[in-house]
Amino acid sequence: MGKRVTVTIEGCPVETQTGCSIAACVMQANGPALRQSVSGAPRGPFCGMGVCFECRMTVDGTLHQRTCMVNCRDG
């Protein structure tokens, strides 16, 4: 893993390492649910390799990013 960096999740700073996926960082900070389904059920990563789209979140203003495929970076 890389150096320590700070990312912001829902306005809260979270410290992690470069090379860590955003999905892993969010799950470590907030638990397994990353979002809610249209019915309100908690949803989280399923495949961890960008196939299922269950880990989609808005990253740096870009909607529907597969967070298991995007590594954390400072900021």
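The values are calculated or read from the model by the stated rules, or taken from the named source; none is laboratory data. In this text, all values refer to a predicted model and were calculated from it rather than measured experimentally. Cβ sites come from the backbone with ideal geometry, for glycine too, and all protein chains shown count toward neighbours. The protein model used for the area step is the full one, side chains on, heavy atoms only, and it has no ligands, DNA or RNA in it. Shrake-Rupley method; radii C 1.70, N 1.55, O 1.52, S 1.80 Å.
Things to note:
- Pairing each residue of the range 1-30 that is closer than 10 Å to Asn71 by Cβ with any residue that is among the hydrophobic types (A, V, I, L, M, F, W, C) and open to solvent by 70 Å² or more (accessible area, probe 1.4 Å), provided the two are 6+ apart or on different chains, yields C-beta distances under 6 Å for Gln17/Met1; Gly19/Met1.
- The residues on offer are Cys47, Cys55, Cys12, and the sole one that is open to solvent by 40 Å² or more (accessible area, probe 1.4 Å), at pLDDT below 95 and touching a helix residue (DSSP H, G or I) at 6+ places or on another chain (Cβ under 8 Å) is Cys12.
- Among the residues of the range 31-42, just one is under 12 Å from Thr67 (Cβ atoms) and open to solvent by 30 Å² or more (accessible area, probe 1.4 Å), namely Arg35.
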